[in-house]
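Data block below; observations after.
The values are calculated or read from the model by the stated rules, or taken from the named source; none is laboratory data. The shown structure was predicted, so the numbers you read here are calculated from the model rather than taken from an experiment. Heads up, the Cβs are rebuilt from the backbone with ideal geometry, glycines too, and the neighbour counts pull from every protein chain shown. Heads up: the accessible areas ignore ligands, DNA and RNA and are worked out on the full protein's heavy atoms, side chains in. Shrake-Rupley method; radii C 1.70, N 1.55, O 1.52, S 1.80 Å.
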Amino acid sequence: MRNHLKHFINGEWVESTGSETHEVINPATEEVIGKISLGTKEDLDKAVAAARAAFPSFSQTSREERVEMLENIAKEYANRKEEIIDVITEELGSPRSISEKVHYNMGYNHFSEAAKALKEFSFSEDRGDHTVVKESIGVSGLITPWNFPTNQSSTKIASAFAAGSPVVLKPAEITPFAAIILTEIFEKVGVPKGVFNLVNGTGETIGDGISSHPDIDFVSFTGSAGVGEKVMKNASETIKNVALELGGKSPFVMLEDADVQKAAKAAVSHIATNSGQVCSAGTRMIIPSSKKEAFEEAVKNVLPEFPVGDPQGKNYVGPLVSKKQWDTVQSYIEKGIEEGATLIAGGTGKPEGIEKGYFVKPTIFTDVKNDMVIAQEEIFGPVMSIITYETIDEAIEIANDTVYGLAGYVFGEDKEALRKVATSIRAGRIKVNNAELDFSAPFGGYKQSGIGREWGDFGIEEYLEKKAILGYPA
């Protein structure tokens, strides 16, 4: 049992001022694996006050001091590798291979990349008769989701530290333990008191409290579009800056000359990785109508390469994070059937032979129209929609026919066609032919997928204010 009933405020683990707790469930076993305290407004006020007190000195630390701190964090993070993998496998239900290759590695790379970017980052620029300086934005409130317990927390914290911004973090209460390990890492490497503060709690109390707090200067939130709208409304009361990384319904455009087998495997990996609980997953497969039968056969054949089951074993697909999420995904599968889409794999209920845990069948629909609910709303589970097109212009039109714009994918051989599709999709990140991640590249969305960018130097920029000084003395 992992019982963590304290918050981390001003460099110390402290008791909550309240008595309410929350049980954390292992989604693979449906058993309680630990407990956290749910913070109160008073707990949050203490954390914000600590960060506010730390701001004058931390914002004036040198580039070299902050680079050293980030590099030390990355080293200690690596020292805790096995424990981080264990925790994410337990609290999220992520298969161990994904916990290592995706979750652990993303957290490590964000701290390493922030240190690298900071070494070259320009905080001052002379422009004719004036100078532009970039200064720490102040106290930052960070609200992170459950689906990537290390990724989103690490990229936000690393960028804030690089910019000289003290933070207050509220991780998701259903996957809180990875954030607690991060906190222990910061404590071990000697992050100054008040620079990092952790308050566990609910969105209604701590999340709303962060976004509306008058002494927080900037809020970075990752989660659903609905909650993002609420964060913006709360933040508007004190005109604070906001960065939002929200939902997605990303298109995966397969070109006429693409290798169907390779495209099918890449497509299935999008709904299988992290059990489809990925905001940037390419869940709308947009394929040439001439390739429809071949692609349908290919995705059905490749599904067994992504087995579902116990995350402690050698499976690729674990459970969904909670019973609530399981119910939501089931309702979308039912809706797809009701709308007239053709089910070619998966369906409702649990996979054969699995009775315990929030497991779902990786599900593939074909004959999907882009105005169907399953093609427009973010399902956040292992569900693919196959949509056909006749011309590249039609494929682009379908790809952009969504309120979201977080990511897009294009698969094929013709360089001119690849460029046309990649540059025409209205989204913040496009991957061509399953390109590798680059942690210096910006991440964020167009339209209702959010505001602002994370990762690398683009992430650091979010935590800085720009000041023009005219007549700056030489």
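Roughly how far apart, in whole Å, are the Cα centres of region 1-52 and region 97-149?
26
Strictly over 32 Å apart at the Cα level, which of 233/265; 249/314; 188/233; 156/369 would you flag in this model?
Cα-Cα > 32 Å for 233/265; 188/233; 156/369; rest within.
Would you mind getting me the FRET efficiency between residue 292 and residue 400? Use the beta-carbon distance for r and R0 = 22 Å, nearest 0.05.
Between residue 292 and residue 400 the formula returns 0.55.
Tell me the angle of helix 415-424 to the major Cα principal axis of the chain, expressed in degrees between 0 and 90 and rounded to the nearest ten.
Taking the Cα atoms of the chain, the angle to 415-424 is about 60 degrees.
Taking region 228-318, which trypsin sites (Lys or Arg not before Pro) meet the DSSP loop condition and have no more than 16 other C-beta atoms within 10 Å?
Taking region 228-318 and a limit of 16 other Cβ atoms within 10 Å, the loop trypsin sites (Lys or Arg not before Pro) found are 314.
Go ahead and estimate [θ] at 222 nm for the chain from helices alone: -39,500 (n - 2.57) per DSSP H run with n ≥ 4, summed, over the residue count, rounded to 500.
Result for the chain, helices only: -11500 deg cm²/dmol.
I want to check the label-to-label distance for residue 42 and residue 323. Put each point 7 Å from Cα in the C-beta direction and report it in nm to one decimal.
Taking the simple label geometry, residue 42 and residue 323 are separated by 3.3 nm.
List the lysines whose Cα lies under 16 Å from the Cα of residue 420, skipping any in the same chain that are fewer than 8 positions away.
Straight-distance partners of residue 420: 431.
What are the radius of gyration and Dmax of region 251-432, computed over its Cα atoms and given in Å?
Using the Cα atoms of region 251-432, the pair Rg, Dmax is 15.6, 49 Å.
Arrange the peptides 19-28, 348-357 so that the one whose residues have, on average, the most other Cβ atoms within 10 Å appears first. Before the final figure, lay out each step's value.
Details: 19-28: 17.4, 348-357: 13.2.
Result, highest mean Cβ count within 10 Å first: 19-28, 348-357.
Could you give the accessible area per residue of the chain, probe 1.4 Å, as a whole number in Å²?
41
How high is the FRET efficiency between residue 390 and residue 342 when r is their beta carbon distance and R₀ equals 22 Å, given to the nearest 0.05?
0.70
To the nearest 10 degrees, how steeply does helix 260-272 sit against the main Cα axis of the chain, on a 0 to 90 scale?
Its long axis makes an angle of about 50 degrees.
Can you give the FRET efficiency to the nearest 0.05 for residue 261 and residue 352, using r as the Cβ-Cβ distance and R₀ = 25 Å?
0.45
For the chain, how big is the tail of P(r) above 30 Å, as a whole percent of Cα pairs?
That tail contains 46 percent of the Cα-Cα pairs.
Taking the Cα centre of region 251-432 as origin, work out the dipole magnitude from +1 charges on Lys and Arg Cβ and -1 charges on Asp and Glu Cβ, in debye rounded to 20.
Using only the charged Cβ atoms, the result is roughly 760 debye.
Give, as ranges by residue number, the residues of region 139-172 whose backbone N falls under 20 Å from the point 7 Å along Cα→Cβ of residue 331.
What the label zone holds, given the 20 Å backbone N cut-off, is 146-147.
Please give the length that would be gained between residue 61 and residue 14 if that part of the chain were fully extended, namely 0.36 nm times their separation in residues minus their C-alpha to C-alpha distance (nm, one decimal).
14.3 nm
Mind pulling the angle between the C-alpha long axis of helix 81-92 and the longest principal axis of the chain? Nearest 10 degrees, somewhere in 0 to 90.
Helix 81-92 sits roughly 60 degrees off the main axis of the chain.
My understanding is that a pair violates if its Cα-Cα distance is over 21 Å; which of 6/170; 6/101; 116/193 do that in this structure?
6/101; 116/193
I want to check the label-to-label distance for residue 238 and residue 124. Put each point 7 Å from Cα in the C-beta direction and report it in nm to one decimal.
3.1
With the crude spin-label approximation of a point 7 Å out along Cα→Cβ, what separation in nm comes out for residue 1 versus residue 469?
The modelled label-to-label distance comes out at 5.7 nm.
Using only Cα atoms, locate the centre of region 450-471 and the centre of region 240-309, then give the distance between them in Å, rounded to an integer.
33
How large, in percent, is the carbon and sulfur part of the accessible surface of region 405-474 at a probe radius of 1.4 Å?
51
Only residues of region 90-123 count here: report those whose backbone N is under 15 Å from the spot 7 Å along Cα→Cβ of residue 314, or say none.
96-98
Along the charge dipole of the chain, Cβ charges K/R +1 and D/E -1, which of 131, 27, 433 sits furthest on the positive end?
Ranked along the dipole, the leading option is 131.
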